[in-house]
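Derivation of every value follows stated rules applied to the coordinates shown; laboratory data play no part. Nothing here was measured: the structure is a model prediction, and the numbers come from that model. Cβ placement follows ideal geometry from the backbone for every residue including glycine, while neighbour counts extend to all protein chains displayed.
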Amino acid sequence: MISCDHLTKVYNGAGKSTTILMLVGLIQPTSGACYIDGTEVAAHPIEVKKKIGYMPEDVGFYADRTAEENLDYAARFYGLKDDERKRRVDDLLALVGLDGVGTKVGGYSKGMRQRLGLARALVNDPAVVILDEPTANLDPRGVLDYRRIVRDLADRGTTVLVSSHILSEVGKVCTSVGILARGRLIASGDREVLSRAAMQDKVVIDVDTMTPMPRITNPEILSAEYSQDSCSARIVARGDISALIAKTPYAEGILPRRLAVEKPDMEDILLSYYTEGTA
Amino acid sequence: MTATGLRIIAKKEFSDHLRSRRFHLLFAILVIIAAVGMITGIVQYTKDLSDYNSVQMIAQDEDDPTLAGNLAGLKPSILSAYSQMGMLMAGIGVVLGIARGFDLVTREKESKSLKSLLAYPVFRDEVINGKALGGVGAIALAMGVVLVVSVAIMTILGIVPNFDEFVRILVFGGVSFLLVFTFFALALLMSTVSKDSGSALLYSLIVMIVLSSFIPIFAYGPVYSAVFGDTPTQPGMATYSYQQGSSAYMVTTTKVGVQASDAIDPEALKEYERASREYMAQKQAITDLVTLVSPTGNYQAVLGAAAQPAGDNDPGLSSLLGVLACNIIALLAMPAAFFGLAWVRFMREDIR
């Protein structure tokens, strides 16, 4: 549903915020093109903007207006009639837990503004919702509400694109993951598939020995941490070389204390891809 | 392409202006100044009219049609009140224009709402156009109220302007609006080029001071003499000084301190007159040219002509406006130029 081709020449960090700004039509790609639902963003910005809901990382509002007024203003751009607009605004405020808050947005906490930002991104009932760091300022209750809302949206068939550096959060709500490094999409696809592709043979071996063990060398070893006295080590390998590793110290009469295969988390996946992508 | 976004933004901006405390304060000052200026002007007008009528009565009593005829063209006009009001408006109106425009874009940047606004289905030009329209609407409303208040005060005090005066009052309203709009557009430009509202306000004030004070100083003051030299000195040491005393529109001129020249060289006098004419013509040309880049200079030139009392020798408003066409075009061109620059800058701005 969303695609970006050849997103080169972007000038900051990994490029996820820049990619999002291109997707919502705020900046133009220097080369290549962005598509949302088959529509090129740069060529048909208004058509695309009608389909998307966007919550920026640094979400901003008109401080001298209430949440209701801010949402009502946003809703006007999508051509909603008065009664429809009122109903939609009330529903969204209830959805994010801000119903009944009559104060002006200038007095809101960061978390409340984040909730309101999420409500505003949904004001046009978009087909695609783009959220940039959506849980950055939320309290635990807010995070739970956010997950519930995102899952509900996904269940209804809405595409939700979440950009986040809180990888545990991404792992909890996303079914597909794209990894950007230095302006390039280095991997994308189903999270489980990516996980298997990146980490399926990852082996973590903990070794304890009575006497210092020799350094183990093998091209499949990704990392190896030895204690100061070299009597214990934590070895991470790409392939399943547990037998080889276990055999080496065993042959010298050293018994490995623990040999375990762990399920990778999002950080392991990202680091694995990023290491390969930047190598 | 529909103008829905433009309409929504303009409406919101207009509403923001009307809700703003700054606007309330400046609007109140503007109305008070207009009312005070008008009442003061009417009091002076009533006194002048009374003096004028007294002279007319004397002329009739003495059966001196020459005296009456000479005074006929100097009948006082209520427009003199607008002339006074215009001088006050030039100050507060400029402040109003800058106050309404300097943070239009920077405020959106500071509150980080610009990114969200541009993510709505709206073209970028609709945003800047909508902001300008909202501001223009608020300024037009303020100026309209000022005009209505001034006419209402006149009417309440029993003065009904004739058609010509009414047209001139509308011209006054129009050029006053253009003056305020010029500084509004300037402030909007500064708002697009600045990172924050404080800088935008500072830059606006600096340009305003240059346009309103430095340029007139150059055009009329000692700077001109320093650059282009002093007025040619009259040969023969014949000096004249004049003392004018005026009561109403009756002007008396008395020569005092006359020194007769012993021997004036006619050739030198002729040369002096030629040099003097050239100097004055050059000064006038440069003054006119420099005035064109000063909005307040243009405003005062047009206002001075429009608020002239209409007499038998009056060339008529249309003729006056024809003479002042350059000033009027400059009054229209400057806000257009400021807004054009603001528009281009905003369209090219990198929003992140």
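Things to note:
- For region A:2-174, size of Cβ-based charge dipole, Lys and Arg +1, Asp and Glu -1, in debye: 120 debye
- Spacing of the two label points (7 Å from each Cα toward its C-beta) at A:Glu220 and B:Arg274, in nm: 11.0 nm
- Restricting region A:116-184 to trypsin sites (Lys or Arg not before Pro) in coil, as DSSP defines it, with at most 10 other Cβ within 10 Å: A:Arg156
- FRET efficiency for the A:Glu40 to B:Thr231 pair, using the beta carbon distance and R₀ = 60 Å, is estimated at 0.30.
- Extension gain from A:Asp83 to A:Lys104, taking 0.36 nm per residue of separation minus the Cα-Cα distance: 5.3 nm
- Using R0 = 25 Å, the C-beta based FRET efficiency linking B:Phe166 and B:Thr46 works out to 0.85.
- Scanning residues 5 or more positions from A:Ile186 or on other chains, those with amide H under 5 Å from its amide H are A:Ile179, A:Leu180, A:Ala181, with H placed 1.01 Å from N in the peptide plane.
- Shown in residue order for region A:79-89 are the 3J(HN,Hα) couplings computed by the Karplus curve 6.51 cos²θ - 1.76 cosθ + 1.60 at θ = phi - 60°: x, 6, 6, 3, 5, 5, 5, 4, 5, 5, 5 Hz (x for Gly and Pro).
- Net length gained if the chain between B:Leu202 and B:Glu267 were fully extended (0.36 nm per residue, minus Cα distance): 17.8 nm
- With 26 Å as the limit on Cα-Cα distance, the pairs of A:Lys104/B:Lys131; B:Lys12/B:Lys112; A:Lys51/B:Lys195; A:Lys110/B:Lys11 that go past it are A:Lys51/B:Lys195; A:Lys110/B:Lys11.
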